[in-house]
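Student: What follows is a structure written as structure tokens; I'll ask about it next.
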Amino acid sequence: MTTQLASDGAAAELADPWVIAVANQKGGVGKSLLSMGLAAVTADASGRAFLVDIDPQSTTAEVADRAERAGQSLPFDYTADTDPAHLAKLRKVRGVDLILVDCPGSLEGHDVLSAVLDQADFVVIPYVHDPFYVTPTRRTAALCADRGVPYRVLINRVDPRRGTGPLEDAQATLDKLALPRFRSFVREYSAHSQAHVEGVMITQYRGGRNAVNAREDIRRVHTEMLMQLGQIRPGG
């Protein structure tokens, strides 16, 4: 279902929803798949998520179109909206538990990101362990720190065929840089991309032998993220 962000939402509940930005200055780190996965897990846990896709590529809209052609719908509301004036109204959305904002792959020269960080409670920074991704990840973290927004770096797209060495190296790299990180991580399984090709979320996908592992990775990240949010706003 597509929801227009410009409206003030259902205006039925008093509590502010959590606003989570998924951002990295570098493209190709899996922001869109992660954003949709976290939104789907929220829905699977009987919560209501609202995904705001501000990436010009709008992967969410593409997957939603595939779902519609298959006679299905996404388990969460979403909108594609890059108008900073609309994004400034994120706090006015009601009737949802979690707002996830899928940010574009470049953080420079975008009033859009500033509008998101003004509203965000927390930022998830996906990171792929490759020398070309270190500097953009550090810059993204510095931007969050400068704006006073709590964040954690998430090691994403870990190749499960390469054993534990690359993961441990990624963890050591982030620790050496003093970047706070998730204990959880997400492995790169074909189930993630194949699910979206078929227009379904990873929580609904039942094909392939690694679908269960793919779902559990996202669920662990979701649980750890909620624990972090609880420290920011106890009892929230």
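Student: Round to a whole number: what % of the accessible area of region 114-154 belongs to carbon and sulfur, probe 1.4 Å?
Tutor: Numbers: 810 of 1690 Å².
Here it works out to 48 percent.
Student: Another one. Give me the extension gain from residue 73 to residue 177: residue separation times 0.36 nm, minus the current Cα-Cα distance, reported in nm with one decimal. Mind showing how you got there, number by number?
Tutor: Numbers: separation 104, 0.36 × 104 = 37.44 nm, distance 4.14 nm.
Length difference between fully extended and current span is 33.3 nm.
Student: So if we plug the beta-carbon distance of residue 197 and residue 169 into 1/(1 + (r/R0)^6) with R0 = 30 Å, what FRET efficiency do we get, rounded to 0.05? Could you put the intermediate results ahead of the total?
Tutor: On the way: r = 31 Å, r/R0 = 1.03.
Between residue 197 and residue 169 the formula returns 0.45.
Student: Taking the Cα centroid of region 15-45 and of region 188-229, what is the distance between the two, rounded to the nearest whole Å?
Tutor: 12
Student: Provide the per residue accessible area, probe 1.4 Å, for region 18-70, rounded to a whole number of square angstrom.
Tutor: Numbers: 1770 Å² over 53 residues.
Here the per-residue accessible area is 33 Å².
Student: Follow-up. Roughly how many nanometres apart are two label points built 7 Å out from the Cα toward the Cβ at residue 224 and residue 118?
Tutor: 3.2
Student: Keeping every protein chain present and rolling a 1.4 Å probe, give me the accessible area per residue for region 120-236 in Å².
Tutor: 51
Student: Now for a different question. Compute the length gained on full extension between residue 209 and residue 232: take 0.36 nm times their separation in residues and subtract their Cα-Cα distance, giving the result in nm to one decimal.
Tutor: Values: separation 23, 0.36 × 23 = 8.28 nm, distance 3.74 nm.
Separation in residues times 0.36 nm, less the Cα-Cα distance, equals 4.5 nm.
Student: Measure of size requested: the Rg and Dmax of the chain, with Cα atoms as the atom set and Å as the unit; please supply both.
Tutor: Looking at the chain, its Cα Rg and Dmax stand at 16.7, 49 Å.
Student: Taking 8 Å as the Cα distance limit and 6 or more residues as the minimum spacing, I'd like the relative contact order of the chain as a percentage.
Tutor: Details: 444 pairs, mean separation 59.2, N = 236.
After rounding, I find 25 percent.
The values are calculated or read from the model by the stated rules, or taken from the named source; none is laboratory data. Worth saying up front: this structure is predicted, and the values here are computed from it rather than measured. Cβ: placed from backbone, ideal geometry, glycine included. Neighbour counts: every protein chain shown. For the accessible areas, the whole protein counts, side chains as well, though only heavy atoms, and no ligand, DNA or RNA atoms are used. Shrake-Rupley method; radii C 1.70, N 1.55, O 1.52, S 1.80 Å.
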